[in-house]
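What follows is a set of notes on a single structure, which appears directly below.
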Amino acid sequence: MRNFAAGIILLLSFSTLLHAQAEPPYGLGELEAYSVFSDAYRTDDYELAIQYGEWIIESKPRTLEGYDNFSLERQFERMVEVYIAAAGEESDPTQRAEYLENAEAVIEEAFETFNEDEIDYFEWYLRQGRFYQEHHGNIDGASLDDAMESYYNMYEMDAQRFAEEGDGYYAQVLLITYESDERREEALEIIEGIEGYASAELQSTIDEVRESFFQNPEERITFLESRIEGAEGEERGEILGDLVDLYEQTGQDDKALETALELYELNDNYETARKLANIYISEGDYQNGLNYLEESLEKAESPEDEKEILLEIAESYQQLEQLEQARNFAQRAIDIDPDLAEAYTRMASIYAATVSHCTGGQALDRDDRTVYWLVIDYLEQAKQADPSLAANVDNQIESYEEAMPTAEDRFFNDWEQGESIVIDGSIGECYSWINETTTIR
């Protein structure tokens with residue numbers, strides 16, 4: 001707010017201006033003078049409205065004999081509007097500034113005239129804040145800080161009402177200004193007070209402002225850890241989720257897992273199960289990761305989520321060399337989306353891994369090599385599902401073609417190109433679970 005001395009000078013100047021208006025102009029009675037003011041206000045006759053309105057502001061009649069609906073507060077509101085409107089039509093900068101300073105004085109006088117039981121101070125701080133926000137550039141000694149002080153007064157009076165006023169607009173203005181001025185502690189105080197009442201748009205601003213104060217992940221961890229003790233319910237869940245991400249980002253794997261488990265106990269939903277699965281898998285603990293992936297699958301709400309989880313489960317089973325299980329989950333992803341290229345490349349990878357598993361690193365015989373025909377089948381399907389993968393898939397096909405049965409192998413086994421062959425126990429017990437048909441190449 002403008003400094004105390006400037007405010008006193010402003011009010012004294014305004015009081016001197018109005019001193020001659022203690023009685024209604026031209027000897028009119030109070031009700032008659034009020035009627036003139038009211039008509040002038042309605043017809044936008046600002047000069048006449050100011051002349052008679054100044055008398056009302058100076059004399060401050062609480063009632064008017066003969067008029068039961070008189071409201072002194074409403075006349076203060078009108079005079080603020082009149083001065084602002086008159087300033088808007090004034091081309092002379094000096095006169096425009098005078099009108100605005102008088103509007104400023106009327107607002108200040110309202111706080112002096114009425115107590116909090118008589119008027120809604122919250123509304124008057126809002127009026128004052130908007131006034132300074134819009135007109136501070138035309139008032140000597142005023143600044144945007146005056147508007148921010150009024151908005152802060154609104155916050156102190158009623159944090160929820162402040163957060164909801166104007167769909168969160170004024171809270172956003174205050175936070176963004178504090179961010180720009182690097183007033184970190186004040187901004188964080190306000191965030192703590194209003195976050196529980198924030199709309200989606202205000203919450204977005206809160207997140208952006210808070211992030212701007214914590215560019216360093218370690219600082220943000222310290223801040224969130226200081227808040228977690230007193231947090232409950234949804235707020236605690238949000239803090240725990242942020243901490244998990246930050247612990248992972250800073251390589252604090254043990255803390256990330258511990259916090260994710262606490263988050264899961266608080267809310268065992270799809271997101272928390274996925275978060276735990278990802279942590280275990282990133283540490284190479286595929287078995288525990290699978291437990292939470294399969295739980296995530298049960299809680300998935302969309303086919304897109306289901307497909308993604310199915311492929312992660314397939315990959316995890318492949319890492320554990322449980323290849324039949326891996327194949328089954330990859331096939332389920334294909335059943336959901338026959339055009340899912342990643343599922344076909346996963347199938348190819350699983351069958352290629354099966355050859356290595358079944359041979360134990362020993363030399364391949366002719367029957368082992370037949371599995372690569374099936375591997376190539378799936379790679380071709382991946383390329384058809386997503387042509388953008390063609391270059392990468394063709395490289396894989398080229399490498400697998402070198403491992404396929406040779407012309408000599410086909411001759412000795414009496415295999416004719418173009419004929420079908422079943423990959424199952426007939427080529428080796430280890431392959432019995434595959435039971436798929438491919439084409440001799």
Can you give the translational diffusion coefficient of the stretch 264-413 in µm²/s, computed by Stokes-Einstein from the Kirkwood radius over Cα pairs at 25 °C and 0.890 mPa s? 148
Can you work out the Karplus-derived ³J(HN,Hα) for every residue in the stretch 100-112? Use 6.51 cos²θ - 1.76 cosθ + 1.60 with θ = phi - 60°, whole Hz, and x for glycine or proline. 5, 5, 5, 4, 4, 5, 5, 4, 5, 5, 4, 5, 6
What does the charge dipole of the chain about its Cα centre add up to, to the nearest 20 debye, if the Cβ of each Lys and Arg holds +1 and the Cβ of each Asp and Glu holds -1? 580
Can you check how the C-alpha radius of gyration of the stretch 252-320 compares to 2.2 N^0.38 Å, as a plain ratio? 1.04
Counting sequence-distant residues (5 or more places) and residues on other chains, those with an amide H built under 5 Å from that of residue 320 are none
Considering amide H positions built from the backbone, and no H for Pro or chain starts, which residues 5 or more places from residue 423, or on another chain, come under 5 Å of its amide H? 436, 437, 438
From the square roots a ≥ b ≥ c of the eigenvalues of the alpha-carbon gyration tensor of the stretch 105-184, which class results: rounded (a/c under 1.5), prolate (a/b over b/c), or oblate? oblate
Going by alpha carbons, how many degrees (0 to 90, nearest 10) lie between the helix axis of 46-59 and the longest principal axis of the chain? 80
Protection proxy ranking of 113-125, 68-80 - average other beta-carbon atoms within 10 Å, highest first: 68-80, 113-125
Any idea which of 374, 198, 215 is furthest toward the positive side of the dipole for the chain, if Lys and Arg beta-carbons carry +1 and Asp and Glu beta-carbons -1? 374
Just tell me which lysines come within less than 28 Å, Cα to Cα, of residue 383; anything on the same chain fewer than 8 places away is out. 307
Rounded to a whole number, the Stokes-Einstein D of the stretch 297-365 in µm²/s (Kirkwood radius over Cα pairs; 20 °C; 1.002 mPa s) is 173
In whole Hz, with x marking every Gly and Pro, tabulate ³J(HN,Hα) for the stretch 420-437 from phi via Karplus 6.51 cos²θ - 1.76 cosθ + 1.60, θ = phi - 60°. 8, 9, 9, 8, 7, x, 5, 9, x, 3, 5, 9, 4, 6, 5, 6, 10, 9
Isotropically averaged projected area of the chain, using the convex hull of Cα atoms (one quarter of hull area), nm²: 32.8
Longest principal axis of the chain (C-alpha) makes with the long axis of helix 169-180 (C-alpha) an angle, in degrees to the nearest 10, of 80
The stretch 359-376 - phi-based ³J(HN,Hα) in whole Hz, Karplus 6.51/-1.76/1.60, Gly and Pro as x: 8, x, x, 7, 5, 7, 9, 4, 5, 4, 5, 5, 4, 5, 4, 5, 4, 5
C-alpha long axis of helix 4-18 to longest principal axis of the chain, angle in °: 50
So, with a 1.4 angstrom probe, what is the percent of accessible area on the chain that is carbon and sulfur? 42
Given H placed 1.01 Å from N in the peptide plane, which residues other than close sequence neighbours of residue 64 have an amide H under 5 Å from its amide H? 70
Cβ-based charge dipole, the chain, positive-most Cα from 289, 71, 107: 289
May I ask you to work out the translational diffusion coefficient for the stretch 176-321 at 37 °C, viscosity 0.692 mPa s, via Stokes-Einstein with Rh from the Kirkwood sum over Cα pairs, reported in whole µm²/s? 195
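The values are calculated or read from the model by the stated rules, or taken from the named source; none is laboratory data. Given the structure is predicted, the values throughout are model-derived calculations rather than measurements. Note that each Cβ is placed from the backbone with ideal geometry, even for glycine, and that neighbours are counted across all protein chains shown. Note: accessible area is taken over every heavy atom of the protein model, side chains too, but ligands, DNA and RNA are not part of it. Shrake-Rupley method; radii C 1.70, N 1.55, O 1.52, S 1.80 Å.
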